[in-house]
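Taking it in order: structure first as structure tokens, then the write-up.
The values are calculated or read from the model by the stated rules, or taken from the named source; none is laboratory data. Keep in mind that this is a model prediction, so the values were computed, not measured. Cβ sites come from the backbone with ideal geometry, for glycine too, and all protein chains shown count toward neighbours. The area values use the complete protein model at the heavy-atom level, side chains included, leaving out ligands, DNA and RNA. Shrake-Rupley method; radii C 1.70, N 1.55, O 1.52, S 1.80 Å.
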Number of protein chains: 2
Amino acid sequence: MHMPGLPPPIIRLISALRRLPGVGPRSAERMALDLVQSPAENASELADAIREARNRTLLCSNCGSLTEADPCAFCTDERRDPSLICVVEQPVDVLSIERSGSYRGRFHVLGGRISPLDGIGPEDLKIPQLEQRLTRDSVKEVILAMGTDVEGEATCHYLGKRLARTGLKVSRIAHGLPVGAGLEFADELTLSRALEGRSEFTP
Amino acid sequence: MHMPGLPPPIIRLISALRRLPGVGPRSAERMALDLVQSPAENASELADAIREARNRTLLCSNCGSLTEADPCAFCTDERRDPSLICVVEQPVDVLSIERSGSYRGRFHVLGGRISPLDGIGPEDLKIPQLEQRLTRDSVKEVILAMGTDVEGEATCHYLGKRLARTGLKVSRIAHGLPVGAGLEFADELTLSRALEGRSEFTP
């Protein structure tokens, strides 16, 4: 990285910031210059917060969610329906579903998705742990909530087939028109999924 | 901030990341989850880099650039023309000009720009320090390189008037069509500036 006129400690900070997701060279530079010019407390608060978060969180040994205590709050919350497990790819997906406010079951985080190009196969995902839970806990339904890209679809299909052997109800979250969007903004695949997934309408 | 299901150390990290420029709630969340899931070295490297950069850099007492040593490398570089001073708003602007590779004079960083709405007047900028340099060093030309927004223009005009008294040559960087862009993408103001600033063309 050629950075004329920048002191080496700032260049090292820019390199470290660049590793964060979604941070390009220009935004790393803006962040670094902001950090060294903002009050010293801000910088040390951020440095402490990074260390703390890294040292004090782990993945729940039961469901794979990020947590401070093991097992996590989802797995120990008696008010959440243990007979319902929503399977997602990443810990961040748990947050998205929680924000929707419309799910009161448990979670299972696979820790990735099947991606032959990246050398990730089913054996790299937490599928055995899921199967253990299905037999140990009295699970009635597994909801597959993978992404709709190629890898997400592949993971969803693989898991759907594998879980069919259990005889449990396996469902998949709906694909269709995003709420608030007109038809003219939806791509053909989304519209065809929306048509396939149509349900009876009683106004 | 309502963050159902997130461990408190991660919520604190998200809050600290949110203070960085250009980081919204979603990108702070992505960064935080990435940091706690990436190798521990990455997180501690970033935390160290933040502390180091904050503790080991300061503003040059002469020109206001970010530097590890005071005075900075720009002010002590004998190969840079001391009779030419380019005045900019922020330390980051120095980098932009250095990257252009077409300036070999010295710099002066004002540390902001005149902005009545934010309560920033000329007395909050490093203008006396600039004037001292003009009399102390044998400066021949001052180049004003402020931004082209309202506050940048105001700062440029104020400074231009104030420096006129010194009798030195005061110039301003050109405004016009960005290189590589067609006329159809330029707004009217830019085009009118480009016309005003036209120069003789000898092919």
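Give the accessible area for B:Glu184 in Å² (nearest 10); use a 1.4 Å probe, count only protein heavy atoms, and leave out ligands, DNA and RNA. So the heavy atoms of B:Glu184 present about 140 Å² to solvent.
Between copies, B:Ser138 shows label-point distances of 9.5 nm, shortest first, with the point placed 7 angstrom from Cα along Cα to C-beta. Highest GNM mean-square fluctuation among B:Ile85, B:Ile173, B:Ile114, for chain B modelled with Cα contacts below 10 Å: B:Ile173.
Dividing the convex hull volume of the alpha carbon atoms of region B:8-56 by its residue count gives 77 Å³ per residue.
Summary for A:Thr76: label point 7 Å along Cα→Cβ; distances to the equivalent points in the other copies, ascending, 5.7 nm.
Of interest is the spacing of the C-alpha centroids, which for region A:116-142 and region A:45-63 amounts to 25 Å. Using a probe of 1.4 Å on the protein chains alone, the accessible area found for B:Arg19 is around 110 Å². Per-residue 3J(HN,Hα) values for region B:47-56, derived from phi via the Karplus relation 6.51 cos²θ - 1.76 cosθ + 1.60 with θ = phi - 60°, read 4, 5, 4, 5, 4, 4, 4, 5, 7, 9 Hz in sequence order (x marks Gly and Pro).
Under 5 Å from the amide H of A:Gly64 lie the amide H atoms of A:Val109, each residue being 5 or more positions distant or on a separate chain, with H modelled from the backbone and absent for Pro and chain starts.
Sequence neighbours fewer than 8 away in the same chain don't count; with that in mind, list the aspartates and glutamates whose C-alpha is under 18 Å from B:Lys169. Within the straight-line cut-off, B:Lys169 pairs with B:Asp81, B:Glu131, B:Asp137, B:Glu141.
Identify all lysines with a Cα-Cα distance to A:Lys126 below 17 Å; exclude those on the same chain that are fewer than 8 residues away in sequence. In chain and number order, the partners are A:Lys161.
When the Gaussian network model of chain B links Cα atoms closer than 10 Å, the mean-square fluctuations of B:Leu17, B:Leu84, B:Leu130 top out at B:Leu17.
For region B:66-172, the equivalent ellipsoid built from the Cα gyration tensor has semi-axes of 21, 16, 13 Å, listed from largest to smallest.
Chain A versus the axis that turns it onto chain B: the residue with the nearest Cβ and the distance in whole Å amount to A:Ala47, 2. DSSP assigns beta bridges within chain A; of those with both partners inside it, close to 20 percent run antiparallel. GNM on chain B, alpha-carbon springs under 10 angstrom: the most fluctuating residue among B:Val109, B:Val94, B:Val36 is B:Val36.
What share of the DSSP beta bridges in region B:66-172 is antiparallel, in percent to the nearest 5? DSSP beta bridges in region B:66-172 are roughly 5 percent antiparallel. Once both labels are positioned 7 Å from their Cα atoms along Cα-to-Cβ, the gap between A:Leu189 and B:Arg18 label points is 3.4 nm. Helix-only estimate, please: 222 nm mean residue ellipticity of the protein assembly as shown, summing -39500 (n - 2.57) across DSSP H runs of length 4 or more and dividing by its residues, to the nearest 500. The helix contribution divided over the protein assembly as shown gives -13500 deg cm²/dmol.
A simple count of charges around B:Arg54, restricted to other residues whose Cβ falls under 14 Å of its Cβ and scoring Lys, Arg +1 and Asp, Glu -1, yields -3.
For the residues B:Ile143, B:Ile50, a 1.4 Å probe over the protein chains yields an accessible-area ranking, largest first, of B:Ile143, B:Ile50. Below 13 angstrom from the Cβ of A:Arg193, what's the summed charge of the other residues (Lys, Arg +1; Asp, Glu -1)? Result for the neighbourhood of A:Arg193: -2. Applied to region B:189-198, the Karplus parametrisation 6.51 cos²θ - 1.76 cosθ + 1.60 on θ = phi - 60° returns per-residue 3J(HN,Hα) values of 5, 4, 5, 5, 5, 5, 5, 3, x, 4 Hz, with x for Gly and Pro. Within the shell defined by Cβ-Cβ distances under 9 Å, the residues around A:Glu151 carry a net charge of -3, with Lys and Arg each +1 and Asp and Glu each -1. Across identical copies of the chain, A:Ala40 has label-point separations of 2.9 nm, listed in ascending order, with the point defined 7 angstrom from Cα along Cα→Cβ.
Give me the percent of accessible area attributable to carbon and sulfur for region B:8-56, probe 1.4 angstrom. About 48 percent, which is the carbon plus sulfur part of the accessible surface.
With a simple spin-label model that places each label point 7 Å from the Cα along the Cα-to-Cβ direction, the separation between A:Asp70 and B:Ser96 comes to 4.9 nm.
Looking at the protein assembly as shown, the DSSP beta bridges with both ends there are about 20 percent antiparallel.
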